[in-house]
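Novice: Below are the structure tokens for one structure; questions will follow.
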Amino acid sequence: MATLTDVPVRVRGVSRAFDGRTVLDGIDLDIADAQIVALLGRSGTGKSTLLRILAGLDDGYTGTVIRPDRVAVAFQEPRLLPWKRVADNVGLGLSTRDARERVGAALSEVGLSGHARAWPLTLSGGEAQRASLARALVRDPALLLLDEPFAALDALTRLSMHQLVLDLWQRHRPAVLLVTHDVDEAVALADRIVVLDAGRITVDQTIDLPRPRERGGARFAEHRRGLLAALGVEQA
């Protein structure tokens, strides 16, 4: 697979099948530098499969994928090792000379400086996801992949995590692909929203709302209605 630095992520003609069932069918997608792209779609439409391909976790596809060398992933489950303390989880696999300093800086950025020596099982759900984000950030990714990282959180924690992700994105400016089922979340966070249906892109929509975004605003509601219609969700 080709790689690149400091140029858009590029996917061309990517298809993926499992046991004869096509999950992705000739996908073309670009993600520009420092752009947040949200990927929406019903379950089984290929969202996580595309993310795993971009992460380098699935090489069973056909087509061309070009991505930066530095890629990090945060999943729906924080996937922290319970026998390692938070700082050790964040720095897992990091072998640079300044690893300890980088771990400390990442924990500070996500508000977990006081939890470096804590065990993962003592963290709340939001704290565990913050640790997962710190583990991604410590690698200074040019492409950050987020696979429904807020789905298991309560509504208030989810909103605070949205703001944290935006703050981190504004400081580090990676390209971001966010897989989500939540239309409001996609409109609140993304520069573009892509809808997958039956393995194909059916919508590629720019969200031209200024940040911070007013979720109760008329233009926010307009984007929301259009996307729900594209997803086949009937509205009263």
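Values quoted throughout were computed directly from the atomic coordinates according to the rules given, and no laboratory measurement underlies them. Everything numeric here is computed off the predicted structure, so don't read it as measured data. Glycine also receives a Cβ, built like all others from the backbone with ideal geometry; neighbour counts cover every protein chain displayed.
Novice: Please sort 200-211, 173-184 by packing, taking for each peptide the average over its residues of neighbouring beta carbons within 10 angstrom, highest first. Write out the running numbers ahead of the final one.
Specialist: On the way: 200-211: 14.1, 173-184: 21.1.
So the peptides 200-211, 173-184, ranked by packing, come out 173-184, 200-211.
Novice: Residue by residue through the range 121-128, what is 3J(HN,Hα) from phi via Karplus (6.51 cos²θ - 1.76 cosθ + 1.60, θ = phi - 60°)? Round to whole Hz and write x for glycine and proline.
Specialist: 5, 8, 8, 6, x, x, 5, 5
Novice: Can you pull the one-decimal nm distance between simple spin-label points at Gln170 and Ala151, each 7 Å off the Cα toward Cβ?
Specialist: For Gln170 paired with Ala151, the spin-label model returns 2.9 nm.
Novice: How much length would be gained if the chain were fully extended between Ala99 and His181, taking 0.36 nm per residue of separation minus their Cα-Cα distance, in nm to one decimal?
Specialist: On the way: separation 82, 0.36 × 82 = 29.52 nm, distance 3.48 nm.
Length difference between fully extended and current span is 26.0 nm.
Novice: Under the Karplus relation 6.51 cos²θ - 1.76 cosθ + 1.60, θ = phi - 60°, what is the ordered set of whole-Hz ³J(HN,Hα) values for the range 49-62, x standing for Gly and Pro?
Specialist: In residue order, the calculated couplings are 5, 5, 4, 5, 5, 5, 6, x, 9, 9, 10, x, 9, 10 Hz.
Novice: Using only the Cα atoms of the range 85-136, construct the convex hull and provide its projected area averaged over every direction, in square nanometres to one decimal. Walk me through the numbers on the way to the answer.
Specialist: On the way: hull surface 12.3 nm².
For the range 85-136, the mean projected area of the Cα convex hull comes to 3.1 nm².
Novice: Now, a different point. Which whole-Hz ³J(HN,Hα) couplings does the range 217-232 yield from phi under the Karplus relation 6.51 cos²θ - 1.76 cosθ + 1.60, θ = phi - 60°, glycine and proline marked x?
Specialist: Values per residue, Gly and Pro as x: x, 5, 6, 4, 5, 5, 4, 4, 4, x, 6, 4, 5, 5, 8, x Hz.
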